[in-house]
Amino acid sequence: MRSKSFGEIKNISKHFTKKESLEMFKKMCISRNFEFNTKDAFDKGYIKMPIYLSVGEESVSSAISIAYKKPHIFAQHRCHDIYLAFGGEIVPLIDELLHKPSGIAKGMGGSASIHSPKIGMFGHSGLMGDQIPIAVGYALGSKQKVLAIMGDASAEEDYVISSMGYAASKKLPVLFVCTDNGLSILTKVAVRRNWSMVNVAKAFGMDAVEITDDPWLIMHHVKKLAKNLPSFINIHTTRVLWHNGTGQDSEPEWDRFKIVKEDLKNLGLEKQALKIEQETKEFIDKLWKKQLKK
Amino acid sequence: MEETTQKMTVAEKISQITRNHLLKNNGLALGQCLTAVGWVGGTIPHLSEKEGLVELSMADVSGGGIAVGAALAGRRPIYIVRYQGFQWYNAASIVNYAAKSKDMWGIPCPIFVRSIAMDGAIGPVASGSHHSIFIRMPGIVVCAPMTPNEYQQVWNYFMEHDDPMYISEHKKSFPIDYDMKDIIKPKADVTIFAISSTRINAIEAVKTLEGNGIVCNLIHLLWLKPFVINKKIIASLNQSRFGGLILDGDFENGALKCLAFDIIQKLTGSGNKFKPIKTLGLEERSAGFAPHLDNLPPTTGKIVKTVEYIINSNGKKN
Ligand SMILES: Cc1ncc(C[n+]2csc(CCOP(=O)(O)OP(=O)(O)O)c2C)c(N)n1
Ligand SMILES: [Mg+2]
């Protein structure tokens, strides 16, 4: 079922404006370059704590942030990309990873428990999936739009499933997202369960879809799902690097970043995309260099 | 915030506080089966979901998380857990999120956890107090009010601070409409410290012991964490010839031993005489349903015997 084209709708990228496509791509570039710099700093020994990188998965948060604006955000450990996609400031996240008091959580959050009141993002406690009931409670208490992001393994926590059921029963304004890289550390999803989250969500009476990580496809569905909350989207994506740290065991099942660049070329946006890619890289590299020197 | 001062029971006080919180503070109260057992022993006001009385599903682990989320949203939720034994499932988000949020991110998460105990009577369902599992974790305030005034005091603290709070309630407190004063005598033999429902038995035990010629001080412990060892505690122990005894309705291997140790540490090396402190709580075994297999907080008889034992094993009263 996992594939680079699962759930694909032909020519879906053409349904979006040039501006939306390039904004989405820029977010992907920010996240990817940020993570490569994090990897570099880690490999050189500047970072002395566990890190959870999102390389390969960046299309998910980048697309969602365009289609689902200004939610209160509850995510888990793999969250640099989410923070950045929703407009989190870059330097305080670099500082957080470098254990500085000027970090976004003053060093308490590290890589896995970052937060930002500015963008409405709450920190994670380290218990996988506990952000989902908390997100549901936040929606219950605030009646405001919430984004609740889980991994394919956290989705298996009983409290995730039961709180999704509660959100459905009480019609709470939550978009549930499963960033499904098919892995719980190293254990593949098929070893862990014979059921799918999309069926669980549908059984709760929610609108729910299961797709690949094509960012235009994600934007298309999220825009629709956002009209009838709570709803659920399961997105198959690939984690390129280790669960924790910077190693790489094998080539990813597909390279979404490369595919997106091809798609942009087909949309006649090759030049602009290349410029964004280069400028973003230079910009992020410079920021990291500066913070590392301090 | 001060509620009316007319005489009322603890149950009426809790209900009144909850009603005001929901209707005047935009507060929330959440829990399971809130209309059951006569609206949780008469502690729940008859309000609707729209007014903020929210019925949760039976999923205990996510229920705790949902209440924590409501706290982050600024609703200062009252989270009702009808048996303290259910905290094994509910505690996770309370101690691992609400209690850490301020330290981790500077984001307070004030949640008022009403956790209700009773004295045995339901076999292994762990009906006793379970405040010990919370006392072990940083970032949460733990207390065990037994009187309407204590309950008001605890609520005022909650509204004036932004800490998550674990309120170790006891069903036996619900009909109580009077204050429980500490008993301090000039020359006591033993100081008894009592928590939650054991306070009721302790009051009886002090009377019985007095009849047997044994003088006891009795100090009621409302605030369990942070546990402040005040001058009264030190003076009372210094003046008690044979030491102290702490009573609890939770298992002995819990808060009891922590509190006893804290007191002994405070006494040691500060010019005070060393005083032994004994503990008495639920026994280290599972409770069964048959009455003779139950595991109850120390009875009046057991308290009396233990005080006599403390005296006898410390060189008898002459
Ligand atoms: C309650 C809990 N159980 C187990 C763990 C250990 N653990 C940390 S991350 C992880 C895998 C999470 O996988 P997933 O949710 O799919 O996210 P991913 O790492 O793939 O992004 C596990 C099992 C934990 N931190 N918390
Ligand atoms: Mg995973």
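The values are calculated or read from the model by the stated rules, or taken from the named source; none is laboratory data. Predicted model only: the values in this text are computed from it and were never measured. Positions of Cβ are generated from backbone atoms using ideal geometry, with glycine treated the same way; all protein chains shown enter the neighbour counts. The area values use the complete protein model at the heavy-atom level, side chains included, leaving out ligands, DNA and RNA. Shrake-Rupley method; radii C 1.70, N 1.55, O 1.52, S 1.80 Å.
Counting only chymotrypsin sites (Phe, Trp or Tyr not before Pro) that sit in a DSSP loop (anything but H, G, I, E, B) with at most 15 other Cβ atoms within 10 Å, what is the longest stretch of chain B containing none of them?
By the stated rule (loop sites, at most 15 other Cβ atoms within 10 Å), B:1-177.
For B:Lys172, the aspartates and glutamates whose Cα comes closer than 12 Å to its Cα, not counting residues fewer than 8 places off in the same chain, are B:Asp119. Greater than 31 Å separation of Cα atoms is the criterion. Which listed pairs, B:Lys13/B:Lys278; A:Lys118/A:Lys265; A:Lys143/B:Lys171; A:Lys100/B:Lys24; B:Lys225/B:Lys278; A:Lys44/A:Lys265, meet it? Cα-Cα > 31 Å for B:Lys13/B:Lys278; A:Lys118/A:Lys265; A:Lys143/B:Lys171; A:Lys100/B:Lys24; A:Lys44/A:Lys265; rest within. Is the shape of the range A:255-294 best called rounded, prolate or oblate, per the rule: a/c under 1.5 gives rounded, else a/b larger than b/c gives prolate, else oblate, with a ≥ b ≥ c the square roots of the Cα gyration tensor eigenvalues? Oblate shape, in that a/c is at least 1.5 and b/c is the bigger or equal ratio. Applying the criteria of a DSSP loop state and at most 16 other Cβ atoms within 10 Å to the chymotrypsin sites (Phe, Trp or Tyr not before Pro) of the range A:1-50 yields A:Phe6, A:Tyr46.
Across peptide A:160-172, the mean count of Cβ atoms from other chains lying within 10 Å of each residue's own Cβ comes to 3.
Site pair A:Lys223 and B:Arg285 shows an inter-label distance of 7.0 nm when each label is modelled 7 Å from Cα along Cα→Cβ.
Share of carbon and sulfur in the accessible area of the range B:215-318 stands at 58%, probe radius 1.4 Å.
Shape of the range A:200-277 from the C-alpha gyration tensor: oblate (a/c of 1.5 or more and a/b not above b/c, with a ≥ b ≥ c the square roots of its eigenvalues). Beta bridges from DSSP with both residues in the range A:122-239: antiparallel share about 10 percent, rounded to the nearest 5. How many angstrom lie between the Cα centre of the range A:33-63 and the Cα centre of the range B:10-52? Using only Cα atoms to place each centre, the spacing works out to 48 Å.
With a Förster radius of 35 Å, plug the Cβ-Cβ distance of B:Thr208 and B:Ser48 into 1/(1 + (r/R0)^6) and report the FRET value to the nearest 0.05.
Plugging the Cβ-Cβ distance into 1/(1 + (r/R0)^6) gives 0.10.
When the pairs A:Lys293/B:Lys102; A:Lys171/A:Lys202; B:Lys232/B:Lys275; A:Lys19/A:Lys271; A:Lys170/A:Lys224; A:Lys70/A:Lys171 are compared against a 25 Å limit on Cα-Cα distance, A:Lys293/B:Lys102 fall above it. Here the range A:207-221 and the range B:252-318 have alpha carbon centers that stand 62 Å from each other.
The label-point distance for B:Val228 and B:Arg136, in a model that sets each label 7 Å from Cα toward Cβ, rounds to 2.7 nm.
Taking a sphere under 12 Å around the Cβ of A:His221 and counting the other residues whose Cβ falls inside, with K and R at +1 and D and E at -1, yields a net charge of -2. Cross-link partners of A:Lys188 among lysines, defined as those whose alpha carbon lies under 19 angstrom from its own and excluding same-chain residues fewer than eight positions apart: A:Lys4. To the nearest ten degrees, helix B:198-211 and the longest principal axis of the Cα atoms of chain B are 20 degrees apart. Remark on A:Asn234: its backbone amide H falls under 5 Å from those of A:Cys178, A:Val209, A:Glu210, A:Ile211, a criterion applied only to residues 5 or more positions apart or on other chains, H modelled at 1.01 Å from N. With the whole protein complex present, B:Ile80 retains an accessible surface near 10 Å², based on a 1.4 Å probe.
Looking at the protein assembly as shown, what % of its DSSP beta bridges pair antiparallel, to the nearest 5? Mind dumping the intermediate values first?
Working: 6 of 63 bridges.
Of the beta bridges lying entirely in the protein assembly as shown, close to 10 percent run antiparallel.
Judged by the ratio a/c of the largest to the smallest principal axis of the C-alpha gyration tensor, chain B counts as prolate, that ratio being 1.5 or greater while a/b is larger than b/c. Gain on full extension, evaluated as 0.36 nm per residue between A:Ile185 and A:Lys106 minus their Cα-Cα distance, stands at 25.7 nm.
Across peptide B:51-60, the mean count of Cβ atoms from other chains lying within 10 Å of each residue's own Cβ comes to 3. Place a point 7 Å from the Cα of A:Arg192 along the Cα-to-Cβ direction; which residues of the range A:238-269 have their backbone N under 17 Å from it? The answer is A:238-245, whose backbone nitrogens lie closer than 17 Å to the label point.
Shielding by partners for B:73-80, please: the mean number of other protein chain Cβ atoms within 10 Å of each residue's Cβ. Walk me through the numbers before you get to the answer.
Details: counts 11, 3, 5, 1, 3, 0, 1, 0.
Mean shielding count: 3.
Net charge in the neighbourhood of B:Phe158 (other residues with Cβ under 12 Å of its Cβ; Lys, Arg +1, Asp, Glu -1) is -1.
Mean separation of Cα pairs under 8 Å and 6 or more residues apart, divided by the residue count, gives chain A a relative contact order of 25 percent. Near A:Lys70, once Lys and Arg are set to +1 and Asp and Glu to -1 for all other residues with Cβ below 13 Å from its Cβ, the sum equals +3.
Full-extension gain between A:Lys289 and A:Glu89, please, as 0.36 nm times their residue separation minus the C-alpha to C-alpha distance.
Length difference between fully extended and current span is 70.4 nm.
Within the range B:253-284, list the residues whose amide N lies under 16 Å from a label point set 7 Å along Cα→Cβ of B:Gln239. Zone members listed by number: B:273. Taking a straight Cα-Cα cut-off under 19 Å and skipping sequence neighbours fewer than 8 places away in the same chain, the aspartates and glutamates within cross-link reach of B:Lys187 are B:Glu210, B:Glu308. Rounded to 0.05, the FRET efficiency of the A:Gln144 and B:Glu308 pair, given R0 = 56 Å and the Cβ-Cβ distance, is 0.35.
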